[in-house]
Structure formats: structure tokens, C-alpha cells
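Read the structure below first, then the notes.
The values are calculated or read from the model by the stated rules, or taken from the named source; none is laboratory data. If you're wondering where the values come from, they're calculated on a predicted model, not measured in any experiment. Virtual Cβ from ideal backbone geometry, glycine too; neighbours counted across all protein chains shown. Remember, those area values only see protein heavy atoms, side chains included, never the ligands or the DNA or RNA. Shrake-Rupley method; radii C 1.70, N 1.55, O 1.52, S 1.80 Å.
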Amino acid sequence: MSFIFQEKEGETFSQLEAAEIAESYVACNFKSCNFQSLDLKGVEFTECVFESCNFSLSDLTNVSLGHCEFKNCKMLASDFSRLKSFRDCRFLSCIMDGANFSHMNLTYFSFKESRLRDVNFEASNLQDCNLSDCDLEGAVFFDTKLQKADLRGATSYQISPTDNVIKGAYFSLPEAMVLLLSLIHISEPTRRTP
């Protein structure tokens with residue numbers, strides 16, 4: 001990818017075009033920008049705010065996201081596991097269906113009120129992560145660390161306490177019953193014959 005600009009700092013962008021992508025953005029605001037299916041390889045975003053942007057199917061290989069905030073963004077099938085670095089980001093009311101966070105450290109990240117259907121959190125560290133009020137239908141949790149994670153108000157999750165570490169995590173009823181149901185093996189009653 002060739003860059004037209006080397007670095008942008010403290011600017012606001014709306015409806016950014018693919019040809020205008022720079023190498024580095026620091027403390028910039030992006031509003032209603034469409035990054036869908038773009039090759040963003042190697043771009044660095046630090047302390048940026050994204051509002052109502054679309055990152056669906058973007059190539060995030062070697063992208064750096066540090067201290068960024070995403071509000072009402074669409075990030076369908078985004079593969080965050082390919083990022084170069086991913087530090088202290090917050091997602092609020094984002095649609096992130098099919099995203100991949102496998103084998104990532106997401107300690108203290110926030111995904112509050114986001115839709116995370118069919119997201120892969122396998123072998124990820126979600127300690128102290130905020131997943132409150134999220135739709136987690138079909139999300140994969142296996143070998144995932146969820147200590148002190150906040151899942152209050154989250155819906156449609158299937159988390160096995162035997163396949164994940166959930167000590168100190170916060171859940172709310174009735175959704176928390178799923179944790180118990182995964183431990184219970186119900187079998188058909190046997191009938192006695194006289």
C-alpha cells in the first residue's frame with residue numbers, strides 16, 4: 001500500500017476516501033468513514049475516536065490500535081488477531097458479528113452494549129473486560145480467561161465453566177442459568193417394569 005500522507009494529528013475526518021489513507025493517525029476523529037474491505041496494512045491509530053464508521057471485512061494485518069474508542073461502528077468479520085498491537089481500546093454499541101479475537105489479550109477492554117454474534121474469543125484473556133449488555137449469540141468461549149469480566153445484562157451466551165476460567169466474573173439472571181445448565185447432564189428417567 002502506498003500512502004499519500006505520512007502522519008495526521010488532531011484532525012477530524014468525515015467520509016474519508018480510500019486514496020486518502022495515511023500511515024499514522026494521532027488524536028484524530030473519524031465520523032461516518034467507510035473503511036469497508038480496505039487494505040489498512042501497517043496503519044497506526046493512536047488515541048483516535050471513530051464514530052459510525054464501517055470497518056467490515058477490512059484487512060487489519062499489522063495495524064496498530066492504541067487507546068482508541070469506537071462508537072456505533074460496524075466491524076463485521078474483522079480479524080483483530082492479525083493486528084500488530086492492540087492496547088486499551090473501547091467499543092460502545094458496535095456491531096462486530098463474526099470478528100476474531102482468538103488468542104488475544106483483551107484485559108480491561110470494553111465492548112459495552114455491542115453486538116458480538118459469532119465472535120471468536122477462543123484462548124483469549126478477557127480479565128476485567130466489560131461485556132455488559134452485549135449480544136453474544138454464537139460467540140465462542142473456549143480456554144478463555146474471564147476472571148472479573150462484567151457480563152451483566154449480556155444475552156445469548158454459552159459459556160462452559162469447565163472449559164473457561166470465570167472466577168469473580170459478574171453475570172445476571174436469568175442468563176446466568178446457562179452456566180449451571182452446562183454442568184447438568186439430564187438423562188431420560190428409567191422406567192421400572194413390574
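Note: relative contact order over segment 62-104, using C-alpha pairs below 8 Å and six or more positions apart, is 49 percent.
Peptides 114-121, 145-152, ordered by how many other C-beta atoms sit within 10 Å of their residues on average, highest first, read 114-121, 145-152. Relative contact order of segment 19-111: 22 percent, from C-alpha pairs under 8 Å at least 6 residues apart in sequence. Here segment 19-116 has 42 percent of its accessible surface on carbon and sulfur atoms, given a 1.4 Å probe and all protein chains in place.
Rolling a 1.4 Å probe over the protein heavy atoms gives segment 92-138 an accessible area of 38 Å² per residue.
Overall shape: rounded for segment 22-115, with the ratio a/c of the largest to smallest alpha carbon gyration tensor axis below 1.5. Taking every C-alpha pair closer than 8 Å and separated by at least 6 residues, the mean separation divided by the residue count of segment 100-161 gives a relative contact order of 32 percent.
Straight-line cross-link reach from K31 at under 30 Å between alpha-carbon atoms covers these lysines, not counting any fewer than eight positions away in the same chain: K8, K41, K71, K74, K84, K112.
Rounded to the nearest percent, how much of the accessible area of segment 135-175 (1.4 Å probe, protein heavy atoms only) is carbon and sulfur? That fraction is 53 percent.
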